[in-house]
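The values are calculated or read from the model by the stated rules, or taken from the named source; none is laboratory data. This structure is a prediction, so every number in the text was calculated from the model and none was measured. Methodologically, a virtual Cβ is constructed for each residue, glycine included, from the backbone with ideal geometry; neighbour enumeration extends over all protein chains shown.
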2 protein chains.
Amino acid sequence: MILTVTLNTALDITYRTAALTPHATNRVAEVSERPGGKGINVARVLAALGHESVVTGFVGGRTGDALRELLAAEGPGGQPAHAAVTGAPVTGAPVTDALVPIAGTTRRTIAVVDETTGDTTQLNEPGPTVTPAEWAAFLTSYEGLAARADAVALCGSLPPGIHVGAYAELVRLARAAGRPVLLDTSGEPLRRGIAAHPDLVKPNADELAQLTGSREPLRATRDARRRGGRSVVASLGAAGLLAATPDGSWRAAPPTAVRGNPTGAGDSAVAGLLSGLVERLPWPERLARAVALSAATVLAPAAGEFDREAYADLLPRVAVTEQSSQPEQESHAPRQHR
Amino acid sequence: MILTVTLNTALDITYRTAALTPHATNRVAEVSERPGGKGINVARVLAALGHESVVTGFVGGRTGDALRELLAAEGPGGQPAHAAVTGAPVTGAPVTDALVPIAGTTRRTIAVVDETTGDTTQLNEPGPTVTPAEWAAFLTSYEGLAARADAVALCGSLPPGIHVGAYAELVRLARAAGRPVLLDTSGEPLRRGIAAHPDLVKPNADELAQLTGSREPLRATRDARRRGGRSVVASLGAAGLLAATPDGSWRAAPPTAVRGNPTGAGDSAVAGLLSGLVERLPWPERLARAVALSAATVLAPAAGEFDREAYADLLPRVAVTEQSSQPEQESHAPRQHR
């Protein structure tokens with residue numbers, strides 16, 4: 001079982017409109033809702049890959065009730081009534097709800113999709129304030145779950161009320177239980193969390209630059225390792241992934257640039273890395289899986305879902321190349337432009 | 001008791017953001033929710049004026065539950081915990097919930113207030129589809145409520161599934177019960193509804209022009225009477241109201257132009273007209289009340305609420321002038337420009 005933690009879960013609402021006109025009244029043509037938050041998205045992809053997963057974090061209020069109901073309605077493999085995954089039949093595993101109830105109300109996120117331009121305007125509520133007693137209750141539950149997990153993933157932002165060192169605390173508890181732990185967050189929670197020595201961190205280019213002060217990916221990735229990450233896998237958008245690990249450094253890139261909706265592509269990459277870790281795949285295979293899943297997510301028509309056929313097609317065609325471990329060669333590596 | 005009908009009720013959500021940037025991710029700083037839909041807004045103002053009111057229409061799903069809970073939490077006078085009315089202490093009357101449950105989910109409306117510009121971007125969900133059986137259940141309930149109402153107000157748009165002649169049907173039922181009935185809607189439901197001879201219709205300038213084809217307010221108002229409205233009160237925005245009634249025609253204008261948020265100003269005018277009707281005030285007093293309430297709503301800091309002190313200050317200063325009944329003088333009346 002893989003445990004994913006989403007401290008700031010969300011009810012993700014999508015509005016489709018003919019065109020979004022600011023400072024005017026806009027009729028919404030179509031409304032859809034689904035359980036959201038990075039760890040929940042990761043669990044949905046893990047389930048579709050056949051890995052049993054347990055989701056935890058906080059949930060409360062009417063939006064929390066809606067989130068739990070929708071999560072329960074998603075069949076094995078994260079397959080809701082309207083099909084989570086495009087393509088071949090699903091042979092998925094269950095997602096188990098171990099969310100901890102709180103007095104506050106789970107936040108909503110609203111994605112307004114403009115059907116004319118295809119652009120999305122995102123509105124994110126701040127989330128409920130979590131009390132010290134609720135955090136203590138979560139820690140007790142988390143220790144029990146982590147003790148029986150094959151791997152733990154800590155994903156996303158912290159809700160109000162949670163101390164900035166929370167992820168560092170969760171990393172230490174997982175390590176004390178002897179469980180591999182992945183951290184996917186940003187800002188100060190990432191800075192504190194990485195110092196607690198997680199097995200894997202997966203920053204994107206912006207998060208990595210904010211952490212290390214460098215926009216040179218190979219240098220920044222290695223710097224992140226020095227800060228405490230045992231392995232660091234940076235996601236570089238359309239350019240794929242760059243990994244710095246105790247076994248070596250690799251770049252993994254999709255065979256062609258893919259166009260589509262990048263929402264959830266990072267969460268699919270995390271699911272690819274976690275499943276590869278649990279299956280004890282060599283690094284190049286883990287990275288190929290993560291890149292193929294990520295690209296298949298960009299290609300899927302619905303945000304945050306992946307196209308199974310595209311995944312199967314892309315997987316053998318991902319180019320994984322080992323990087324020199326010589327720091328003096330870094331300047332020859334292709335630079336990441338903003 | 002005054003009965004207000006809101007067939008397409010809504011959970012009104014307000015998001016405050018530092019600035020709304022389209023096609024980007026926007027953090028919402030503050031979230032507030034309240035029961036919405038025109039008839040519910042009218043009832044809230046009636047209650048603040050000391051008139052007992054009953055709200056009916058449809059309600060369903062989690063958003064419907066939230067709407068009912070918030071409605072019950074509003075104290076006498078439509079006073080929620082965060083104060084519905086600005087100014088003097090409230091001496092209000094209760095709003096009674098007689099909403100009819102449906103299987104569908106009550107719509108949300110989202111008002112995104114940009115704190116930098118003060119502008120509001122509105123997103124309106126379409127609303128649930130009402131089944132024929134639910135409409136039949138509503139009619140039974142409505143007939144019982146209308147029979148004991150001093151006046152009936154039919155407010156707002158029709159949700160999907162309701163036939164376009166629905167307001168005409170509700171007008172006829174109220175008239176058959178001998179109850180005065182006000183209609184405040186637009187488009188084809190207004191066209192059909194007015195033909196059933198409501199006692200009062202309150203179109204705005206656009207609705208009136210759409211109904212009659214004329215943008216000359218006095219001519220259009222009198223045309224609307226010929227179409228079946230016993231009295232017609234047109235709201236002309238900052239210019240106030242224009243009334244054509246069996247007792248004469250009047251213009252009523254605020255003493256000075258007011259600046260602020262016009263959301264709910266029309267609903268406050270309806271509450272002023274209804275309360276004046278039930279209190280059997282002469283037309284000039286009803287119109288003065290409606291104009292003062294409407295202007296005090298524009299002046300209130302929160303959308304759809306009215307400033308009691310501004311209302312008390314404005315009421316004696318509203319200018320009500322009788323209009324000539326000679327059609328040949330219409331061309332001398334000031335024209336309404338868009």
Worksheet, complete the sentence: Restricting attention to the stretch B:133-162, the residues that are free of Cβ contacts under 8 Å to residues at least 12 places away in the same chain and closer than 24 Å to B:L183 by Cβ number exactly 3
Fill in: Residue ID - farthest from the chain's Cα centre (by Cα), chosen from residues in the stretch B:300-320 that are surrounded by fewer than 22 Cβ atoms within 10 Å (Cβ to Cβ), of a type outside the set (G, A, S) and farther than 21 Å from B:R251 by Cα
B:E309
Worksheet entry | For A:T256: the one exception among (1) closer than 21 Å to A:Y311 by Cα; (2) surrounded by fewer than 22 Cβ atoms within 10 Å (Cβ to Cβ); (3) in contact (Cβ under 8 Å) with a residue 24 or more places away in the chain; (4) not charged (D, E, K, R) | (3)
Worksheet entry | Odd one out for A:L154, checked against (1) hydrophobic (A, V, I, L, M, F, W, C); (2) within 19 Å of A:G60 (Cα to Cα); (3) in contact with a Phe, Trp or Tyr (Cβ under 6 Å, 6 or more places away or on another chain) | (2)
Discussion item. If I filter the stretch B:37-59 down to residues being of a type in the set (A, V, I, L, M, F, W, C) and in a strand (DSSP E or B), which single residue comes out as nearest to the other protein chains (Cβ to nearest Cβ)?
Written reply: B:V59
Worksheet item: Just one of the numbered conditions (1) surrounded by fewer than 24 Cβ atoms within 10 Å (Cβ to Cβ); (2) modelled with pLDDT under 95; (3) more than 27 Å from A:A302 (Cα to Cα) is not true of A:L218; which one?
Response: (1)
Worksheet item: Within the stretch B:31-39, is there a residue that is in contact with a strand residue (DSSP E or B) (Cβ under 7 Å, 6 or more places away or on another chain) and closer than 13 Å to B:A98 by Cα?
Response: yes
Item to complete: Output the residues belonging to the stretch B:7-36 that are more than 8 Å from every other protein chain (Cβ to nearest Cβ), small (G, A, S) and part of a loop (DSSP other than H, G, I, E, B).
Response: B:A18, B:A19
Worksheet entry | Count of the stretch A:123-172 residues which are away from chain B (no Cβ under 14 Å), within 27 Å of B:S32 (Cβ to Cβ) and small (G, A, S) | 2
